[in-house]
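The values are calculated or read from the model by the stated rules, or taken from the named source; none is laboratory data. Keep in mind the model is a prediction, meaning the values are calculated, not measured. Quick reminder, even Gly has a Cβ in these numbers, built from the backbone with ideal geometry, and neighbours come from all protein chains shown. The protein model used for the area step is the full one, side chains on, heavy atoms only, and it has no ligands, DNA or RNA in it. Shrake-Rupley method; radii C 1.70, N 1.55, O 1.52, S 1.80 Å.
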Amino acid sequence: MRFWTTITLILVLSAIGLTYEIAAGRVLAPFFGTSLVTWTSVIATILTGFSLGSALGGLVAERDPTVAVRSVRLALVATAALMAASPAVLGLVYALGARDTGGMLLAVILAFFPASVLVSFPSPFLAKMAVDARPGREGSSLGMVLAAGSLGAIAGAVLAGFVTLPLVGSVATFAGCGAGALICAALVRAGGKGGAGGLSRPDAVIAVAAGAVAVAAITASGPLCRYESGMSCIDVQRHGGAVRLYSDRTQQAAERVAADGGDRLTLAYTDWIWSRMDRDLGAAPSVLFIGGGGYSLPAMLLESRADARAVAVEIDPLITRVVRDSLPWAGAMIDREEGARLGIVHADGRVFLNRTEQRFDAVVMDAFSSGSVPAHLATRETYARLRDIVDGPVYVNLIDAPDGPLARGIHAILSELYPHVQAVQGPVSDRGLANIMLAAADAPLGSVDAYPAEYGPVRLAAGRAFTDDRGWIGHR
């Protein structure tokens, strides 16, 4: 029984470690976005912590069992508090000015490295207990230890990705990791050979109780955002006569609350795309929207053209639900037109493109993950597939530095596939980024009556066309 209890502890701690790692990547998105660089930083930092923790834990495992158990308990209690505090630490470091790649690395190290060291600290001692519990069967015992670690990691990955992050959010997931560490602390005891079982010392009770209070207090600070799914951290704000929707702290959509039924479009880039669509498309177009966002452009299309049809592909159902509940104009359009003139597909845009047999008269590419275009939607293969199923213009919204690598790369792809490509850029933010819109078509693109304020044509330098093999890595 002592052997299997120890194996269970190893499995649970491995599951906690992987759940924590995946949750760390998710909670980083509202502050620094999601890209190859952010995920690489998280994984490298936490794996480094696991390695250091195992090395330090190995030194402790060689000491007197009573001393080792006390050290393991304290490490697990500290793990609980640090895991629960991770989102708060991340937010504090960001508030103190951490930005760009260097700031992101600092934030990741301060928020996630300490807990990743301590959660792996007990593993060598537990492995030693398991091996000592079955004299003469050291080989099979060690094999079970390794298998338990791997199975726990698999369980943690599945738990984070499919259960806790989508259902309860990141803050509760971190608190759950902390609670799991406290339970493990309560099950480690000093008595007997290979001992694992109930608590046997008052100091353990006090330590675990203190850890539980810390986890509860930190969790009481509340979630990072108003709505959270496994993919998005969403907030809705009302100010300036408009409702604004933010995903991972990047404004994704806005609409005016206009009693007179006037122009509802608030964001200048949607004004430009709609001006192009209004000029280029006929009376009854079928338009594909990759990225639902606030559904402002589908709403304008269906409101202005009684015979138009639209399909909006939005990966996160929560976005659609929030739009229904919080954006009156677009929400009413969804309620009125879904299943009639509006089709909503909750799927990854690339997966939809690969599978659909529908044809369209135009497409709007406006999909974002945090502040950047997902890499698999910014490739030659994606736009070649669009070329196969879309008979008319392609409209693309990007966020990039002026003449930046993303804009140049997408422009290079469109220039390979279409004879006519137009580029327009908006004002540059204090982060050095701007909305850059591209339009591409087989026929010449006529001029629109007027650009939105501070928007104008730009020339983009030659760039490398991204591919599935060598693509865009995202802002950082």
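Quick notes on this structure:
- Any hit, the range 407-422, residues being outside any helix (DSSP H, G or I), aliphatic (A, V, I, L, M) and modelled with pLDDT of 95 or more: yes
- Filter result for Val322 (assigned to a strand (DSSP E or B) and of a type in the set (A, V, I, L, M)): no
- Options Thr382, Thr356; residue that is open to solvent by 10 Å² or more (accessible area, probe 1.4 Å) and closer than 15 Å to Val313 by Cβ: Thr356
- Condition met for Leu267 (closer than 21 Å to Ala450 by Cα, more than 25 Å from the chain's Cα centre (by Cα) and open to solvent by 10 Å² or more (accessible area, probe 1.4 Å)): no
- Residues of the range 91-102 satisfying the condition of being buried (at least 17 other Cβ atoms within 10 Å of the Cβ) and part of a helix (DSSP H, G or I): Gly91, Val93, Tyr94
- Failed item in (1) open to solvent by 70 Å² or more (accessible area, probe 1.4 Å); (2) at positive phi, with Gly169 passing the rest: (1)
- Any hit, the range 128-140, residues being basic (Lys, Arg) and surrounded by fewer than 17 Cβ atoms within 10 Å (Cβ to Cβ): yes
- Screening Gly17 with (1) out of contact with any Cys (no Cβ under 7 Å at 6 or more places or on another chain); (2) open to solvent by 40 Å² or more (accessible area, probe 1.4 Å) gives one miss only, at (2).
- Criterion (touching a strand residue (DSSP E or B) at 6+ places or on another chain (Cβ under 6 Å), at pLDDT below 95, over 24 Å from Asp278 (Cα atoms) and among the hydrophobic types (A, V, I, L, M, F, W, C)) met by exactly one of Leu460, Leu433: Leu433
- Only one entry of Gly152, Gly161, Gly136, Gly156 meets the criterion of being out of contact with any Lys or Arg (no Cβ under 7 Å at 6 or more places or on another chain), over 19 Å from Ala78 (Cβ atoms), in a loop (DSSP other than H, G, I, E, B) and not basic (Lys, Arg), and that entry is Gly136.
- Odd one out for Arg2, checked against (1) open to solvent by 10 Å² or more (accessible area, probe 1.4 Å); (2) over 30 Å from Ala127 (Cα atoms): (2)
- Complete set of residues in the range 315-328 that are touching a helix residue (DSSP H, G or I) at 6+ places or on another chain (Cβ under 6 Å) and crowded, with 22+ Cβ neighbours inside 10 Å: Val323
- Members of the range 424-467 found to be within 20 Å of Leu377 (Cβ to Cβ) and open to solvent by 50 Å² or more (accessible area, probe 1.4 Å), listed by number: Arg464
- When the residues of the range 42-70 are filtered to those that are part of a helix (DSSP H, G or I), of a type outside the set (A, V, I, L, M) and at pLDDT below 95, the one that is nearest to Gly25 (Cα to Cα) is Arg70.
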